[in-house]
Amino acid sequence: MKEDEIPQKEDKVEMTGEIVEALRNGMFRIKLDNGHETLGYTAGKMRRFRIRMNPGDRVRIELSAYDLDRGRIVYRLRPGDERPE
């Protein structure tokens, strides 16, 4: 690696899903659109601004390529807010 190269931040896998169950401490069980289930926790700004999430809400979640069982909820989708992927 050269001196002037900055290592890239780890790539995140971004997916959408639906909250199935609300757990403790801002954790949620999320069923992804591809059929898998994962645990999601509220990310920094969502926790800071106290964005409310309930079972049935659609969310966008960031998963690490190394651990697909846990992820950060980065956005709560409003009805009609789905973007084509």
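The values are calculated or read from the model by the stated rules, or taken from the named source; none is laboratory data. Predicted model, so just to flag it, every value in this text is computed and none were measured. We place every Cβ from the backbone using ideal geometry, glycine too, and count neighbours over all the protein chains shown.
Can you confirm whether GLU10 is modelled with pLDDT under 90, among the acidic types (Asp, Glu) and in contact with a strand residue (DSSP E or B) (Cβ under 7 Å, 6 or more places away or on another chain)? Break it down into steps so the answer makes sense when it comes.
Details: modelled with pLDDT under 90: yes; among the acidic types (Asp, Glu): yes; in contact with a strand residue (DSSP E or B) (Cβ under 7 Å, 6 or more places away or on another chain): yes.
So GLU10 passes the test.
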Review point. List pairs: first in segment 65-81 and farther than 12 Å from MET53 by Cα and small (Gly, Ala, Ser), second modelled with pLDDT of 85 or more and buried (at least 17 other Cβ atoms within 10 Å of the Cβ), Cβ under 7 Å, 6+ apart or cross-chain?
Key: GLY71/THR38; GLY71/GLY40; GLY71/ILE61; GLY71/LEU63
**Study point:** Considering residues of segment 66-85 that are part of a loop (DSSP other than H, G, I, E, B) and either acidic (Asp, Glu) or under 13 Å from the mean Cα position of the chain (by Cα) (or both) only, the residue modelled with the lowest pLDDT
**Key:** GLU85
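Answer yes or no as to whether MET53 is free of Cβ contacts under 8 Å to residues at least 40 places away in the same chain and surrounded by 13 or more Cβ atoms within 10 Å (Cβ to Cβ).
On the way: free of Cβ contacts under 8 Å to residues at least 40 places away in the same chain: yes; surrounded by 13 or more Cβ atoms within 10 Å (Cβ to Cβ): yes.
Taking the combined requirement at face value, the residue satisfies it.
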Practice item. Would you point out the residue of segment 35-48, among those that are modelled with pLDDT of 90 or more and under 17 Å from LEU77 (Cα atoms), that is surrounded by the fewest Cβ atoms within 10 Å (Cβ to Cβ)? Key: TYR41
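Look at GLU18 and say whether it is out of contact with any Ser or Thr (no Cβ under 6 Å at 6 or more places or on another chain) and modelled with pLDDT under 95. Write out each step before concluding.
Working: out of contact with any Ser or Thr (no Cβ under 6 Å at 6 or more places or on another chain): yes; modelled with pLDDT under 95: no.
So GLU18 does not fit the description; no.
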